[in-house]
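Down below is the structure, laid out as structure tokens.
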Amino acid sequence: MTGSNPFRPTDGGFRWEGVDRMAYKEEGSAPFLAISRQILFADPTLKCELRYFEMDTGGYSTLERHEHVHAVMVFRGHGHCLVGGEVREVKPHDLVTIQPMTWHQFRATKGEPLGFLCMVNAERDKPRLPNDEEMKALRADPRVAAFLDGKPKP
Ligand code: MN
């Protein structure tokens, strides 16, 4: 994917030469909608990867948590994210840090695609999904429930 070519220009449309646009995850492995994944950097001598994820309007990433950390920069569009118990609007170039075992999800809630860069450990644990009890606890906050229903409160 990085290959031997040091230069991989963008086509100006959030795609890069020699970078495949892939499925976000294996279909049916977890809930998500209308989101793609591009691995921008994954050199074997680095212990991290930089990926670009993009959701179509109304799309969302998986609500999950795990031991590894994410360093996220919003790269395209406006939307919302949930981190822990907090829902926030996000805009281009906002930074979002997701600490270990913190629930997180991104949603393209603003009638436009939402894209973000995400740096992550190359070796990492498998994301965990909320069980019924954890989902109930999350939804106890009306702001979080509205977000999870795709209709975040202003
Ligand atoms: Mn994650």
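The values are calculated or read from the model by the stated rules, or taken from the named source; none is laboratory data. All values derive from a computational prediction rather than experimental measurement. When we count neighbours, we look across all protein chains shown, and the Cβ atoms used for this are built from the backbone with ideal geometry, even at glycine. To get the accessible areas, we keep the full protein, side chains included, count just its heavy atoms, and leave off ligands, DNA and RNA. Shrake-Rupley method; radii C 1.70, N 1.55, O 1.52, S 1.80 Å.
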(message) Restricting to segment 95-109, name every residue that is over 11 Å from the mean Cα position of the chain (by Cα) and in contact (Cβ under 8 Å) with a residue 40 or more places away in the chain.
(response) TRP103, THR109
(request) Look through LEU50, LEU117 and report the one residue that is outside any loop (DSSP other than H, G, I, E, B), touching a Cys at 6+ places or on another chain (Cβ under 9 Å) and over 24 Å from LYS151 (Cβ atoms). (result) LEU50
(message) Within segment 94-114, take every residue that is part of a strand (DSSP E or B) and open to solvent by less than 60 Å² (accessible area, probe 1.4 Å) and give me the one that is nearest to GLY12 (Cα to Cα).
(response) LEU114
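Okay, residues lined up against (1) within 27 Å of GLY28 (Cβ to Cβ); (2) among the β-branched types (Val, Ile, Thr):
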site	(1), (2)
PRO44	no, no
THR57	yes, yes
GLY77	yes, no
THR97	no, yes
GLU134	yes, no
(request) For segment 58-69, indicate whether the set of residues that are more than 15 Å from the ligand (Cβ to nearest atom) and of a type in the set (Ser, Thr, Tyr) is non-empty. (result) no
